[in-house]
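Only the coordinates and a few stated rules stand behind these numbers; no lab work does. For clarity, every value in this text was computed on a predicted model and none was experimentally measured. Heads up, the Cβs are rebuilt from the backbone with ideal geometry, glycines too, and the neighbour counts pull from every protein chain shown.
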Amino acid sequence: MEFTMVTIDGIKIIIYDKTERETNIVGNFLGLSDREVFAYEDEDELGRIISHLKERGVKSKEVIILKKFLGRMYQKCPGSKNMICCNYRLLNTCFDCFYNCAYCFLNSYLNAYGITQFTNLENLADEIIAELDGGNDLVCRIGTGEFTDSLMMDEVTGIAAGLMKRLCRYDNVMLEFKTKSANIDHLLAVEEKGNAVLAWSLNTERNIGLYEEGAATLDERIAAAEKARRAGYFCAFHFDPIIFYDGCMEEYGEVLERLFSRIDPDGVVWISLGTFRHSPGFKEIIMDKFPREQLTTGEMFPGADGKMRYLKHKRIALYRYMKERIESWSGKPFVYLCMETSDVWESVFHVRYGNSEELERDFSRHLKEKFLKST
């Protein structure tokens, strides 16, 4: 099955907080034509609007809700218990996205309606700058794609270019904007890039067709990465989740072949590898939402963090294969595992990290030596 890529054109309804009317993001969304617009004064009124839209049969992913974010905008990735984490930094800018990926952990939030775009982002870079000015000498890798797709509607929000402009003077900052879209044309002429990284989540064509409804095709993502490299951006790629099926190893190898036949691997700063895993109870949720899904039919067992995972020897075999294939093209990208145990790291990379900070230091050292010569 092949899906049609969903873009900002798929948004039919805009709901905004009246007190946020003068913010840039609200103004940008209200400048879009042919959308139905609702304004609300408080959460009760927002609830009534949402109930009205549900009664009309408006789909959740056709609705943008513009509101303030009241939590922490900037934080370290919480990781997963008993797993080695790369200590990535997260920026919370939006919740949910256009795409309907069957494996996405956001499917657990069944009561969430609409895509919530946060509006109070004027000081988004301030906490980052405070940390950087505090003397941290490690390369700080920061992304906006934990709870959303970083670029799906960035031409409207302007978040990526705004962050690049604020942070480009810091040589040890790498802003990553991870996407399953091909929506990068509005960023190609940005001059103040700093060390910005445009990144794509990749999968086999089979898995994209089965599980990534509304996302760009594999060829569209690779073509977008080509344009990004020509424009002077670093690129990165994420094979996460790797989903097992008969013949998957060869097909993931074919994806790498297609990727590096068009992208110079020496401009790829990192590549992550992680297999499909899920929390207890998630299986029932996605079986209900995606009756034909095949994700949870494989043999899986609880891992050290309590999540269901493929058997360890199968994960190790596939990780080794991917690592060796990548390194046959280039040793410059930092290849790493997402949320794996230290013994799996040792089996694949012959290095045993005692904690996440050790991985972060190695990651930082590699980036400085291979890509950030001035730091």
> Which far-off residues, 5 or more places away or on another chain, put their amide H under 5 Å from the one on residue 173, with H placed in the peptide plane?
Replying inline: 140
> So what's the projected area for region 68-161, the Cα convex hull averaged over all directions, in nm²?
Replying inline: 7.6 nm²
> Packing-wise, with mean Cβ within 10 Å as the measure, how do 313-326, 151-164 rank, highest first?
Replying inline: 151-164, 313-326
> Mind listing the phi-derived Karplus ³J(HN,Hα) values for region 278-290, rounded to whole Hz, using 6.51, -1.76 and 1.60 with θ = phi - 60°, and x for any glycine or proline?
Replying inline: 8, 6, x, x, 5, 4, 5, 5, 6, 5, 6, 7, 10
>> Give the separation of the Cα centroids, region 325-341 to region 138-173, in Å.
In response: 23 Å
> If you take the charge dipole of the chain about its Cα centre, with +1 on Lys and Arg Cβ and -1 on Asp and Glu Cβ, which of 216, 174, 69 is farthest toward its positive end?
Replying inline: 174
>> For region 288-368, compute the orientation-averaged projected area of the C-alpha convex hull (one quarter of its surface), in nm².
In response: 7.3 nm²
> Given 10 °C and 1.306 mPa s, how large is the Stokes-Einstein diffusion coefficient of the chain in µm²/s, with Rh as the Kirkwood radius over Cα pairs?
Replying inline: 74 µm²/s
>> So, R0 is 22 Å and r is the distance between the beta-carbons of residue 289 and residue 54; what FRET efficiency does that work out to, to 0.05?
In response: 0.85
>> Number of Lys pairs in region 264-375 with C-alpha atoms less than 22 angstrom apart, excluding same-chain neighbours closer than eight positions?
In response: 12
> Starting at 0 and stepping by 5 Å, how many percent of the alpha carbon pairs of region 250-324 end up in each bin?
Replying inline: 3, 12, 19, 19, 15, 14, 11, 6, 1
>> Whole angstrom only: what separates the Cα centroid of region 187-204 from the Cα centroid of region 1-80?
In response: 25 Å
>> Below 20 Å, Cα to Cα, which lysines can residue 76 reach? Residues fewer than 8 away in the same chain don't count.
In response: 178
> Which values of log₁₀ I(q)/I(0), to two decimal places, follow from the Debye formula for region 241-375 at q = 0.14 Å⁻¹ with a uniform point scatterer at every Cα?
Replying inline: -0.75
> Taking N as the number of residues in region 1-52, what is its alpha-carbon radius of gyration divided by 2.2 N^0.38 Å?
Replying inline: 1.36
> What's log10 of I(q)/I(0) for region 21-96 at q = 0.27 Å⁻¹, Debye sum over Cα points only, no solvent?
Replying inline: -1.42
> Which residue, chosen from 241, 164, 190, occupies the Cα position most advanced towards the positive end of the dipole of region 115-266, where the dipole is computed from +1 (Lys, Arg) and -1 (Asp, Glu) charges on Cβ about the Cα centre?
Replying inline: 190
>> From the Cα trace of region 131-239, what convex hull volume per residue do you get, rounded to a whole Å³?
In response: 100 Å³
>> With +1 assigned to the C-beta of every Lys and Arg and -1 to the C-beta of every Asp and Glu, and no other charges, what is the dipole magnitude of the chain about the Cα centre in debye, to the nearest 20?
In response: 580 debye
> Among bridges DSSP assigns within the chain, what percent are antiparallel (round to 5)?
Replying inline: 25 percent
